[in-house]
1. Got a number for residues in segment 142-163 being in a loop (DSSP other than H, G, I, E, B) and hydroxyl-bearing (Ser, Thr, Tyr)?
2. So Glu314 fits all but one of (1) closer than 26 Å to Lys184 by Cβ; (2) part of a helix (DSSP H, G or I); what number is the exception?
3. Hey, Glu150 hits all of (1) surrounded by 15 or more Cβ atoms within 10 Å (Cβ to Cβ); (2) acidic (Asp, Glu); (3) away from the ligand (no atom under 13 Å from the Cβ) but one; which does it fall short on?
4. Based on what the data block shows, is Ser140 more than 17 Å from Gln233 (Cα to Cα) and within 16 Å of the ligand (Cβ to nearest atom)?
5. Give me a count of the residues in segment 4-37 that are in a strand (DSSP E or B) and among the hydroxyl-bearing types (Ser, Thr, Tyr).
6. Would you pick out the residues in segment 156-173 that are surrounded by fewer than 22 Cβ atoms within 10 Å (Cβ to Cβ) and either free of Cβ contacts under 8 Å to residues at least 12 places away in the same chain or among the hydroxyl-bearing types (Ser, Thr, Tyr) (or both)?
7. Restricting to segment 244-261, give me the number of residues that are more than 14 Å from the ligand (Cβ to nearest atom), closer than 19 Å to His197 by Cβ and surrounded by 18 or more Cβ atoms within 10 Å (Cβ to Cβ).
8. Of everything in segment 326-361, what is in contact (Cβ under 8 Å) with a residue 60 or more places away in the chain and among the β-branched types (Val, Ile, Thr)? Give them in sequence order.
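The values are calculated or read from the model by the stated rules, or taken from the named source; none is laboratory data. Please read these numbers as outputs of a predicted model, since none were measured by experiment. Here the Cβ positions follow ideal geometry from the backbone for every residue, glycine too, while neighbour counts run over all protein chains shown.
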Amino acid sequence: MKQIAVLGSTGSIGTNCLDVVESLSGSLQLAGISAHHSWEQLGSQSRRFEPRWAVVADEDLQNTVGRDAFSPKTELLFGPEAIERLASADEVDIVVAAIVGAAGLRGAWAALEAGKRVALANKETLIVAGPLVMELADRSGATLLPVDSEHSAIFQALQAGRREDVRRVVLTASGGPFRGRTAKQLGDVTPEMALAHPTWDMGAKITVDSATMMNKALEVIEAKWLFDLDVEQIEVVVHPQSIVHSMVEFVDGSVIAQMSPPDMKLPIQYALTWPERTAGISPRLNWTDTMTMEFHPPDFDAFPALKLGFEVAERGGTCGAVLNAANEVAVERFLTGTLSFNDIPRVSRAVLDTHEFDSQPTLTGLLRLDEWARKEARRWTP
Ligand code: MG
């Protein structure tokens, strides 16, 4: 029985993960769950799975949370330190790091430090602190497995050949709801329009990131650190059907793709059962239907965020932390109506260009810059 802790269990990845754990209840058991403030939902997960621990990260809720909402078998804890304790508990075998945004770094870091298997859904961990995270995993003997569908696809496709025979990886992008539009046509995009994704059902932040293609930009950076690639070895192709989740091209010209319907349960399950595969609850492709798959080059002019991703992956150092923080604030401001859609990459560019670059930052230095970049992005005006 493998014991699983899910950090961020009430989000989109978290709830999918719990469904996977339930479907594999013969081999997986939920040991702990955490949420930022959605304590009622956390309580109902506690009653459904009876995990040993449940953590509410927002300490201000201590007097609000109703103990009755939780199973009597679950110990209720509060605050970010409790998340770190859960992530590093001896009883836990696998930590699913599914907290959205830079806030997810601490829990993932604690799990890696404790040498756990970490199913990484929080891409910010690698975007903010890629080299430090990979070095930590190396030192502690932790295993880092990608949950992001593109990176799971690359991880799976890499197993078809030797590492030194890889020529390049090709990340697929759905192109989001605004594929084919020009920069000018994107000027009056509203939050409602950006939140309607054609193929993937995800949280608000990542759905907007998908519409600006910042999500793909961040995934380029994530791929670079996770698979130790040169930026020249990474390509992005737009594939609106989201069936091919990414590809690896080997030196002989063979391209290995991983395909499945657009559903996060499969990459989550693979990270939990690896190196084994088991029948699960993920939907399957139906080959009796006619299916069309298209591939298009991305439009870097309409989606300048993508250019930023390659640039930041190339420069490394503090750039990932700054881009990520500036974008998080820009997306918040777009959703609350104080910035336009096209301002999102503009803020990110402006904050990136004015930051004090350091090629070898420490974790403390990165966290300080994260805060600085947020402040800058908050006061930025078009
Ligand atoms: Mg992805």
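1. The total comes to 0.
2. Looking at each condition in turn, Glu314 falls short on (1).
3. (3)
4. No: the conditions fail for Ser140.
5. Within segment 4-37, residues that are in a strand (DSSP E or B) and among the hydroxyl-bearing types (Ser, Thr, Tyr) number 1.
6. The answer is Gln159, Arg162, Arg163, Glu164.
7. Total satisfying the criteria: 0.
8. Those that are in contact (Cβ under 8 Å) with a residue 60 or more places away in the chain and among the β-branched types (Val, Ile, Thr): Val331, Ile344.
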